[in-house]
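> One structure follows; several queries about it will come next.
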Amino acid sequence: QVQLVESGGGLVQAGGSLRLSCAASGRTFSSYAVGWFRQAPGKEREFVATSGGWIYYTDSVKGRFAISRDNAKNTVYLQMNSLKPEDTAVYYCAAKRGFPAVVDANEYDYWGQGTQVTVSS
């Protein structure tokens, strides 16, 4: 069993930056693929970034967001730069047993509770 806890969300002006963290329990976290997803009000949950054998981003965040992980700390990060109002959403981290990383949320086994990111214009 893996438990995920996100942190780092908040209110930021357009053009600003935030770094989200996702702390995971469990001793075998390094063998999990990890992903970040987001859900805006009235919209479906969408893929943002994933890491696990390869790294992939959705087109709307390429060049602005960066996913990284520190397996020694069992933590995954999402560095978000040049934030836009359309990035406003609840951000979730997720973990999938084994590689490779995938973009389909249904393939992930564990989810955090989410952290709110609000970007003002």
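> If every alpha-carbon in the chain counts as one equal scatterer, what log10 I(q)/I(0) does Debye give at q = 0.17 1/Å?
For the requested q values the scattering log ratios are -0.76.
> Considering Cα pairs under 8 angstrom that are at least six residues apart, work out the relative contact order of the range 37-121 and quote it in whole percent.
Value for the range 37-121: 30 percent.
> Now for a different question. Taking a cut-off of 23 Å between Cα atoms, list the lysines near K96, but don't count ones fewer than 8 places away on the same chain.
The reachable lysines, counting only those whose Cα sits under 23 Å from K96, are K62, K73.
> Then there's this: Convert each backbone phi in the range 48-56 into a coupling constant with the Karplus relation 6.51 cos²θ - 1.76 cosθ + 1.60 (shift: θ = phi - 60°), then list the ³J(HN,Hα) values in order as whole Hz, x for Gly and Pro.
With coefficients 6.51, -1.76 and 1.60, one gets 10, 7, 8, 9, x, x, 7, 10, 9 Hz.
> Please work out the average accessible area per residue across the chain, using the 1.4 Å probe convention, and give it in Å².
51
> If you don't mind, another one. If I take R0 = 30 Å and measure r between the Cβ atoms of E107 and V5 in this structure, what FRET efficiency does the formula 1/(1 + (r/R0)^6) give, to the nearest 0.05?
So the FRET efficiency works out to roughly 0.90.
> For the range 1-71, state what percent of all Cα-Cα pairs lands in each successive 10 Å bin, counting from 0 Å until the bin that includes the largest distance.
Percent of Cα pairs in each bin: 16, 48, 31, 5.
> How about the range 16-121: which trypsin sites (Lys or Arg not before Pro) there lie in a loop by DSSP and see at most 14 other Cβ atoms within 10 Å?
R27, K43, K62, K73
> Going from most exposed to least, what order do V103, V90, V61 have by accessible area with a 1.4 Å probe?
So, going from the largest accessible area down, we get V103, V90, V61.
> Identify the chymotrypsin sites (Phe, Trp or Tyr not before Pro) of the range 24-121 meeting these criteria: DSSP loop state and at most 11 other C-beta atoms within 10 Å of the C-beta.
Listed in order of number, the matching sites are W54.
> Quick one: with all protein chains in place, what share of the accessible area of the chain is carbon or sulfur, to the nearest percent (1.4 Å probe)?
48
> Within the range 1-28, which residues have the backbone N less than 16 Å from the label spot 7 Å out from S120 along Cα→beta-carbon, could you tell me?
10-18
The values are calculated or read from the model by the stated rules, or taken from the named source; none is laboratory data. What you are looking at is a predicted structure, and each value in this text was computed from that prediction instead of being measured. All Cβ positions, even for glycine, are placed from backbone atoms using ideal geometry, and neighbour counts span all protein chains on display. Remember, those area values only see protein heavy atoms, side chains included, never the ligands or the DNA or RNA. Shrake-Rupley method; radii C 1.70, N 1.55, O 1.52, S 1.80 Å.
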